[in-house]
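This report refers to the structure that appears directly beneath it.
The values are calculated or read from the model by the stated rules, or taken from the named source; none is laboratory data. What you see is a predicted model; the values in this text were computed from it and never measured. Here the Cβ positions follow ideal geometry from the backbone for every residue, glycine too, while neighbour counts run over all protein chains shown.
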Amino acid sequence: MKVKETKLKGCFILEPTIFEDSRGYFFETFNKSKFEELIGANSNFVQDNQSKSTYGVVRGLHQQSGEHAQAKLVRVLEGKVLDVAVDVREGSPTYGEHVAVELSSENNRQLFIPRGFLHGFAVLSETATFFYKCDNEYNKASEDGVHPLDKTLAVDWQIPIDKIILSDKDKDARAFI
């Protein structure tokens, strides 16, 4: 597995080693000891989530705050998304900056997003099935988010504005600053 740290400290792109032959392919999606060695941190994933969405859906930007903050390891099982992580760690030199990474069933990349980040994704294919591991259980009272079209963050979701589909919760989300 290859790992590359993004410009946001602690946020990593992971690319698996894929073994292909005439029958198809095989790759390891997660190995706790290898993962921890590669990112230089301990992990304890306790919850897996999966969603399916259609083209134009933007989910995010979300986070769990306080004691229920979550780190996530995300990937796409089917389709293609633009995955976005925004650093909202107080005092971080990259506070308010984001990275955007294309994740797909073709490239098999994963993105590790540490605690203290907003997270969201946009579906770029007809449909996409998105899967992620969390290191803390979901807690509704700790839910927080920022409007995904916030002008301060200026995320280019790679979807025409008139084609973006948001949930009511995301439409009503607060501004970044």
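When LYS140 is tested against the conditions (1) crowded, with 16+ Cβ neighbours inside 10 Å; (2) without any contact (Cβ under 8 Å) to a residue 12 or more places away in the chain, the lone failure is (1).
Total residues in region 103-129 satisfying the condition of being in contact with a strand residue (DSSP E or B) (Cβ under 6 Å, 6 or more places away or on another chain), in contact (Cβ under 8 Å) with a residue 40 or more places away in the chain and under 20 Å from MET1 (Cβ atoms): the figure is 5.
The residues of region 49-89 that are charged (D, E, K, R) and either crowded, with 20+ Cβ neighbours inside 10 Å or within 13 Å of the chain's Cα centre (by Cα) (or both), listed by number, are ARG59, LYS72, ARG75, LYS80, ASP83, ASP87.
Residue count for region 143-177, restricted to those that are acidic (Asp, Glu), surrounded by 15 or more Cβ atoms within 10 Å (Cβ to Cβ) and farther than 27 Å from THR94 by Cα: 0. Region 1-103 holds strands (runs of 3 or more DSSP E) entirely within its bounds, and those carrying 3 or more residues that are of a type outside the set (Asp, Glu) and farther than 23 Å from THR152 by Cβ map to 2-5, 12-15, 24-26, 47-54, 72-78. Every listed requirement among (1) surrounded by 13 or more Cβ atoms within 10 Å (Cβ to Cβ); (2) more than 22 Å from LEU118 (Cβ to Cβ); (3) modelled with pLDDT under 95 is met by ASN31 save one, (1).
Taking the numbered list (1) touching a residue at least 60 places away in the same chain (Cβ under 8 Å); (2) closer than 23 Å to ALA175 by Cα; (3) of a type outside the set (D, E, K, R) in turn, PHE30 passes all entries but (2). Taking the numbered list (1) closer than 15 Å to GLU5 by Cα; (2) touching a residue at least 60 places away in the same chain (Cβ under 8 Å) in turn, ALA100 passes all entries but (2).
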